[in-house]
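One structure is given below, encoded as structure tokens.
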Amino acid sequence: MMPQQKIKRPQMREVFGFQVPSENYYLHKGHAWVLPEGDDRVRVGLDDFSQKLLGPAEWVKLPEIGKTYYQDHICMALWRQGHKASFEAPVDGVIEVTNPKIEKNPGLMHDDPYGEGWLFVVKHSNLKRNLENLVSGEDAVIWIEEETHRLLNLLDSRLGVTLPDGGAIVDDVYGNYQELGWRPLVQEFFLKNLTSRGFIPKVKWKKEA
């Protein structure tokens, strides 16, 4: 499959309203997805959890074509309402292609995260080892369930918001519950690898100005 072609959307499992690919896709703990394509390339995007948590982006900075990035290192960022969210690279490799549609319409990441909202293609250099740190299939479903329960615990403890039995998380969690704070949400769910290594200081949960 050539990088410019549309990708076939995967079969999905729904977890509290979040769409989780049931096969072929691998999820990084920073909420990027990886789709192997051929022998030495993977396509990368951000998962539905990230997009429903942060809401539609207004601007995005994609990684530089030709540059090498390494798993768990910052490779891109998006902005909303003046707030920045950085994301970690899910695999090692060289950026070959970025999605031109995303720069013109960042909202595609939110509206179609596993289709037209893909971000870039990587010529990978260490995929076998990288995949050991990712989850797929039923493991991905279980992990998103765990992430959702962490989010529900935050909503309950911070705001007293609970989810009815069988209910789904509202789209655009930040937009609906800005009291949670943008920066704490980003560090809690998208920069856990860097935070745990001490590169980014943990912050107290408090309302942002």
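The values are calculated or read from the model by the stated rules, or taken from the named source; none is laboratory data. Small disclaimer: the values here were computed from a predicted structure and weren't measured. Here the Cβ positions follow ideal geometry from the backbone for every residue, glycine too, while neighbour counts run over all protein chains shown.
Considering each of G107, G117, G82 in turn, give the residue that is touching a Pro at 6+ places or on another chain (Cβ under 6 Å) and either modelled with pLDDT under 95 or closer than 17 Å to G55 by Cβ (or both).
Working: G117 fails: touching a Pro at 6+ places or on another chain (Cβ under 6 Å); G82 fails: touching a Pro at 6+ places or on another chain (Cβ under 6 Å).
On inspection, the qualifying residue turns out to be G107.
Can K128 be described as closer than 14 Å to V60 by Cα and surrounded by fewer than 16 Cβ atoms within 10 Å (Cβ to Cβ)? Let's see the steps before the verdict.
Details: closer than 14 Å to V60 by Cα: no; surrounded by fewer than 16 Cβ atoms within 10 Å (Cβ to Cβ): yes.
For K128, the condition - closer than 14 Å to V60 by Cα and surrounded by fewer than 16 Cβ atoms within 10 Å (Cβ to Cβ) - is not met.
List the pairs whose first member sits in the range 62-78 and is among the aromatic types (F, W, Y), whose second member is part of a strand (DSSP E or B) and crowded, with 16+ Cβ neighbours inside 10 Å, and whose Cβ atoms are under 6 Å apart, counting only residues at least 6 apart or on separate chains?
That search, which allows pairs on different chains as well, returns Y69/C75.
Being touching a strand residue (DSSP E or B) at 6+ places or on another chain (Cβ under 6 Å) and either among the β-branched types (V, I, T) or without any contact (Cβ under 8 Å) to a residue 12 or more places away in the chain (or both) is true for just one of V34, V15. Which residue is that? Walk me through how you get there before you give the answer.
Numbers: V15 fails: touching a strand residue (DSSP E or B) at 6+ places or on another chain (Cβ under 6 Å).
Being touching a strand residue (DSSP E or B) at 6+ places or on another chain (Cβ under 6 Å) and either among the β-branched types (V, I, T) or without any contact (Cβ under 8 Å) to a residue 12 or more places away in the chain (or both) holds for just one of V34, V15, which is V34.
What's the number of the only condition in (1) under 24 Å from V20 (Cα atoms); (2) at pLDDT 95 or above; (3) surrounded by fewer than 16 Cβ atoms within 10 Å (Cβ to Cβ); (4) within 19 Å of the chain's Cα centre (by Cα) that L185 fails to meet?
Answer for L185: the failing condition is (3).
So which helices (runs of 4 or more DSSP H) stay within the range 1-112 end to end and still have 3 or more residues that are surrounded by 14 or more Cβ atoms within 10 Å (Cβ to Cβ)?
Working: elements: 48-54, 100-104, 108-111.
Per the criteria, 48-54, 108-111.
Residues in the range 143-160: is at least one hydrophobic (A, V, I, L, M, F, W, C), modelled with pLDDT of 95 or more, closer than 19 Å to A77 by Cβ and crowded, with 17+ Cβ neighbours inside 10 Å?
The answer is no; no qualifying residue exists.
For the range 114-127, state whether one or more residues are without any contact (Cβ under 8 Å) to a residue 12 or more places away in the chain and either of a type outside the set (A, V, I, L, M) or farther than 18 Å from G175 by Cα (or both).
Applying the first criterion (without any contact (Cβ under 8 Å) to a residue 12 or more places away in the chain) to the range 114-127 yields none.
No: the range 114-127 contains no residue that is without any contact (Cβ under 8 Å) to a residue 12 or more places away in the chain and either of a type outside the set (A, V, I, L, M) or farther than 18 Å from G175 by Cα (or both).
Which residue pairs have Cβ atoms under 9 Å apart, sit 6 or more places apart or on different chains, and have a first residue in the range 85-99 that is at positive phi and a second that is of a type in the set (A, V, I, L, M, F, W, C) and buried (at least 18 other Cβ atoms within 10 Å of the Cβ)?
Sorted first by the residue in the range 85-99, then by its partner, the pairs are G93/V42; G93/V122; G93/L127.
When the range 120-134 is examined, which residues are found to be under 20 Å from Q51 (Cβ atoms) and in a helix (DSSP H, G or I)?
Residues satisfying the conditions do not exist here.
Quick check on K29: is it among the basic types (K, R), touching a residue at least 12 places away in the same chain (Cβ under 8 Å) and within 22 Å of V186 (Cβ to Cβ)? Show your work before the answer.
Numbers: among the basic types (K, R): yes; touching a residue at least 12 places away in the same chain (Cβ under 8 Å): yes; within 22 Å of V186 (Cβ to Cβ): yes.
Against the criterion (among the basic types (K, R), touching a residue at least 12 places away in the same chain (Cβ under 8 Å) and within 22 Å of V186 (Cβ to Cβ)), K29 qualifies.
Yes/no matrix, rows are residues, columns are (1) more than 28 Å from E14 (Cβ to Cβ); (2) out of contact with any Asp or Glu (no Cβ under 9 Å at 6 or more places or on another chain):
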| position | (1), (2) |
| --- | --- |
| R43 | no, no |
| D47 | no, yes |
| L54 | no, no |
| K67 | yes, yes |
| F87 | no, yes |
| K101 | no, no |
